[in-house]
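K.L.:
What follows is a single structure, and I will ask about it in a moment.
The values are calculated or read from the model by the stated rules, or taken from the named source; none is laboratory data. Source: prediction; values computed, not measured. Note: ideal-geometry Cβ built from the backbone for every residue, glycine included; neighbour counts use all protein chains shown. Note: accessible area is taken over every heavy atom of the protein model, side chains too, but ligands, DNA and RNA are not part of it. Shrake-Rupley method; radii C 1.70, N 1.55, O 1.52, S 1.80 Å.
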Amino acid sequence: MKTIAFGEMFKELRIRNNYTLRGFCQALGKDPGNISKLERGLLPPPQDQQQLESYAAMFKLKPGTEEYERFFILAAIQAGRIPSKLLSDKQLLSKLPILFRTITGQRIDPEKLDIFIEQLRNS
Amino acid sequence: MIFKIDPLSYRDIKKKVESIRSKNTRLQSVPVPIEEYIEFDLELDIIPLPGFRDRFDIDGFLTLDRTAIYISQELMDKYYNRYRFTLAHEIGHYALHGNLFDFFRGKLSESKSSEYTENWKSFVLKFNINEYSKLEGQAYDFAGILLVPDDELSVALAKAKEMILNSKLDMRKVNREIIQGYVNTYLSKRFEVSVDVIGKRIQKEELKYF
């Protein structure tokens with residue numbers, strides 16, 4: 001049986017409880033960039049029990065239930081893993097844009113394309 | 001590399017939006033809950049990018065595989081109306097330009113993985129600016145229609161006019177531009193979009209302020 005990643009479970013629970021990423025982060029005073037990275041496996045699960053409890057409460061996980069236990073076990077197992085921070089070339093290909101919505105309505109500055117790619121790879 | 005862009009009229013785009021709206025009750029409420037539509041219904045990720053606005057002037061973009069919208073985190077945190085509009089704009093690309101995304105993705109996949117980024121850069125730089133502007137314009141129109149539905153716009157505009165009439169202002173003495181600005185501001189709060197978007201929607205629908 002495939003082990004689900006903590007981030008995947010986290011996202012599933014957030015969506016099931018009708019929280020948008022922004023709404024969830026606003027409710028808990030969290031940084032949406034970090035929660036997004038946590039969900040995508042780019043940040044390890046938190047180890048702080050109080051923080052995990054606050055997430056579990058938001059997700060209405062009841063102590064003693066299988067899902068509650070799984071949430072904490074996955075966090076504990078995967079907390080020590082060093083996430084792969086860089087997108088591979090193949091992953092990057094899927095995440096590249098073709099059309100950008102820019103502030104000025106113009107295309108991105110051609111000289112910035114290389115830096116853009118590198119930053120996207122890290123995001 | 002040749003890719004033909006559909007010459008979609010405003011009416012064509014409106015038809016597309018209303019077809020999507022008719023199948024989704026969430027999109028029939030105002031302000032349109034665009035984040036919920038994206039995350040819950042389309043199941044796309046909204047991924048905040050800190051610093052991208054400052055460094056690259058980028059508000060947001062839809063990924064080539066059409067599974068995520070990357071968005072400036074600054075926009076998400078501070079400019080709510082523009083954030084909403086950018087999401088709706090990217091949904092415009094999602095709904096109208098899927099074949100373009102698939103075409104580019106297919107072309108890039110044909111190259112060696114070590115050449116992906118160079119080929120991508122070359123595609124982006126060679127993209128005809130007029131065609132690019134057309135696609136952006138179509139997504140802009142799509143976003144405006146999606147976030148400011150016709151019927152609700154007419155109703156809200158009528159209400160704003162009624163409020164002005166009830167204020168007993170002497171319309172002969174009041175600057176019409178000021179009234180127009182007031183109406184646009186009132187409507188922008190109702191639909192959670194910018195006053196510019198409201199102004200353009202009223203203009204496109206040929207509605208009257210007075």
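K.L.:
Could you check B:Ile13 against (1) closer than 24 Å to A:Asp89 by Cβ; (2) under 14 Å from the mean Cα position of the chain (by Cα) and say which number it fails?
P.N.:
(1)
K.L.:
Then there is this: For segment B:114-134, which residues satisfy the criterion of being under 21 Å from B:Pro7 (Cα atoms), in a helix (DSSP H, G or I) and of a type outside the set (A, V, I, L, M, F, W, C)?
P.N.:
Across segment B:114-134, the qualifying residues are B:Lys126, B:Asn130, B:Glu131, B:Tyr132, B:Ser133, B:Lys134.
K.L.:
Another one. Go through segment B:1-50 and count every residue that is among the small types (Gly, Ala, Ser) and within 15 Å of B:His97 (Cα to Cα).
P.N.:
Result for segment B:1-50: 1.
K.L.:
Here's something else I'd like to know. Which number in (1) under 20 Å from A:Ile98 (Cα atoms); (2) of a type in the set (S, T, N, Q); (3) more than 16 Å from the chain's Cα centre (by Cα) marks the one condition that B:Ser72 misses?
P.N.:
Of everything listed in (1) under 20 Å from A:Ile98 (Cα atoms); (2) of a type in the set (S, T, N, Q); (3) more than 16 Å from the chain's Cα centre (by Cα), B:Ser72 misses just condition (3).
K.L.:
I'd like the residue in segment A:21-62 that is open to solvent by less than 20 Å² (accessible area, probe 1.4 Å) and either out of contact with any helix residue (DSSP H, G or I) (no Cβ under 9 Å at 6 or more places or on another chain) or under 22 Å from B:Ile71 (Cα atoms) (or both) and, out of all such residues, is farthest from the other protein chains (Cβ to nearest Cβ).
P.N.:
A:Leu38
K.L.:
Does any residue of segment B:140-153 turn out to be within 10 Å of chain A (Cβ to nearest Cβ) and either among the acidic types (Asp, Glu) or closer than 30 Å to B:Glu206 by Cβ (or both)?
P.N.:
yes
K.L.:
Which strands (runs of 3 or more DSSP E) sit wholly inside segment B:1-113 and have at least 1 residues that are open to solvent by 10 Å² or more (accessible area, probe 1.4 Å)?
P.N.:
The qualifying strands (runs of 3 or more DSSP E) are B:45-49.
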